[in-house]
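The values are calculated or read from the model by the stated rules, or taken from the named source; none is laboratory data. Predicted model, so just to flag it, every value in this text is computed and none were measured. Virtual Cβ from ideal backbone geometry, glycine too; neighbours counted across all protein chains shown. Each accessible area value is taken on the protein alone, full model and side chains, heavy atoms only, with ligands, DNA and RNA left out. Shrake-Rupley method; radii C 1.70, N 1.55, O 1.52, S 1.80 Å.
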Amino acid sequence: MDEVDLVVVGFGGAGAAAAITAHDAGARVVVLEKQADGAHTPSTRMSGGLVMAVDTAADGAAYLDACAGGMIPADVTAAWADSATDVLDWLGKTAGLTFSRINTAEHPDLPGASGVGVYQPGEAAFRLDPSAGGGDALFAAVAAAVHSREIEIRWSTPAQRLVVEDGRVVGVSTAAGEIRARHGVVLACGGYEFDENLKRDNLRAYPVHFYGNPGNTGDGVRMAQAAGAGLWHMNTMIGRAIGHFPLDTADGGWLNFIINIDPPGHVIVDKRGSRYADETMQAQLLHGFYYEMLRYDYDRAEYSRIPSWWVFDERRRAAGPLTLSHIGAVKVGLYDWSPDNSAEIDRGWIARGDTVAQAAAAAGMDDPDALARTVAEYNEACASGVDALGRAAETLVPLDSPPYYCVPLYPGGSNTCGGPVRDAGGRVLDPYDVPVPGLYAAGELGQPVGMLYPADGANLSEAFCFGRIAARTALGS
């Protein structure tokens, strides 16, 4: 039977931060990773590589509290904010990374927002600049820092159960045997983006799809529950409108993609062909548009905006891929999206028509003529410069360059947020808010994000911050 000081479950950003921190404090650490070395797709690697940091702990805590909407205890957000004051320095010293400040808080009118910044590795010229390498480059630098230390990574070793003795978590059970942990276990194994039952039972709508790590199947939720953990904000997620497309393989399956509807023009409609929200949030890849997609029509007993439909013309088709190639499935090699979208048109993922109605019919919309009328009304708004849903005049570019295209969009995004309840030290709590001895968590598994996503890079900020916090707490340092 193996015995080490700390077992970390999951080798993503949070797991790497926990492992490095524990090792540098003198602990012997083993990281258990369910995926194989050559097929490793952690959410950090699939991300845009942005990291949120704060100028002062006070501003950061005020802002994170406001975004949480009462869902996160103040001492937990304060702990994150305090750690976020030096997270960039830690990444610089640990992984040799430098950063450019390229954005601000997503909700600038909330308290403390002026003290929040978004940073991208390298000499990024603009937000999500692909020349900076995205999350792939960032994770490679952090992973190199792990590999440079005497930290053992056990690939293709999924954790099956937590070992609990006398109420204390003392190790992890795997198919290869049990590994004991003198100081406890840090769960950093992601959310439940690819567990349909957990999503159906907990998220605000269904179906919802994600373009994050396909290995995130709710393992940590189940292990923590079995060890006595309470759960919190299981209905929260980091959301956008995304693409969800079938694979033409023998065993079926689907792939999910971040969707970039820019440049305009663009229109997004519900099942009946009506616009329902300003599309600018989606065009800017902000994290609020998916809330607009969750409406339940109680008269028809259906989610009337799932799927929604995005219609555009030849100008957008020719402008470049509908996804971002340095984020998600394309970046980690799960799919190679064609530069001109032609392969995806051939696959049937993008429906085409000489008219708007023909494109809608090809896509499978119930009332193609309704979409045609909506586009005609939108084009009239473009001519007048006044949009009934409040879109800014400069975004009102008409759809008048055939052929036309139609794509289904679903609520989804990078990750779920729910999981085991944790305190300011990263300790996992039971349903009575009492720590489960020896159990800690970090990263998107129970991350302290509430109603509003604070800023680009908040996921990675939290992962690196609470990975360090959890390891320090476990070791009593």
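It is to be established whether one or more residues within the stretch 229-238 are small (Gly, Ala, Ser) and open to solvent by 40 Å² or more (accessible area, probe 1.4 Å). Within the stretch 229-238, none of the residues are small (Gly, Ala, Ser) and open to solvent by 40 Å² or more (accessible area, probe 1.4 Å).
Quick check: is even one residue across the stretch 30-37 in contact (Cβ under 8 Å) with a residue 24 or more places away in the chain, open to solvent by less than 10 Å² (accessible area, probe 1.4 Å), β-branched (Val, Ile, Thr) and not in a helix (DSSP H, G or I)? Break it down stepwise before answering.
Going through the stretch 30-37, the residues in contact (Cβ under 8 Å) with a residue 24 or more places away in the chain turn out to be 30-37.
This time we only want the ones that are open to solvent by less than 10 Å² (accessible area, probe 1.4 Å), so: 30-32.
Now drop any that are not β-branched (Val, Ile, Thr), which leaves 30-31.
With not in a helix (DSSP H, G or I) added as a condition, the list becomes 30-31.
Yes, the stretch 30-37 contains at least one residue that is in contact (Cβ under 8 Å) with a residue 24 or more places away in the chain, open to solvent by less than 10 Å² (accessible area, probe 1.4 Å), β-branched (Val, Ile, Thr) and not in a helix (DSSP H, G or I).
Out of all the residues in the stretch 246-274, which are crowded, with 21+ Cβ neighbours inside 10 Å and part of a strand (DSSP E or B)? If the condition is that a residue be crowded, with 21+ Cβ neighbours inside 10 Å and part of a strand (DSSP E or B), then Asn256, Phe257, Ile258, Val267, Ile268, Val269 are the ones that fit. Gly112 satisfies every condition listed in (1) touching a helix residue (DSSP H, G or I) at 6+ places or on another chain (Cβ under 8 Å); (2) within 22 Å of Ser43 (Cα to Cα); (3) open to solvent by less than 40 Å² (accessible area, probe 1.4 Å) except (2).
Ala53 - would you say it is of a type in the set (A, V, I, L, M), touching a residue at least 60 places away in the same chain (Cβ under 8 Å) and within 21 Å of Gly443 (Cβ to Cβ)? Taking the combined requirement at face value, the residue satisfies it.
Where helices (runs of 4 or more DSSP H) sit wholly within the stretch 305-403, those with at least 3 residues that are assigned by the TED database to the domain that holds Pro246, free of Cβ contacts under 8 Å to residues at least 60 places away in the same chain and surrounded by fewer than 21 Cβ atoms within 10 Å (Cβ to Cβ) occupy 342-347, 356-363, 368-384. Within the stretch 152-181, residues that are closer than 17 Å to Arg28 by Cβ have Cβ atoms under 6 Å from residues that are open to solvent by 40 Å² or more (accessible area, probe 1.4 Å) in these pairs: Val170/Arg180; Gly171/Glu178; Gly171/Arg180; Glu178/Met1; Ile179/Asp2; Arg180/Glu3, counting only partners at least 6 apart in sequence or on another chain.
Of the set (1) open to solvent by 20 Å² or more (accessible area, probe 1.4 Å); (2) touching a strand residue (DSSP E or B) at 6+ places or on another chain (Cβ under 8 Å); (3) within 17 Å of Ala463 (Cβ to Cβ); (4) part of a helix (DSSP H, G or I), all apply to Asp59 but (3).
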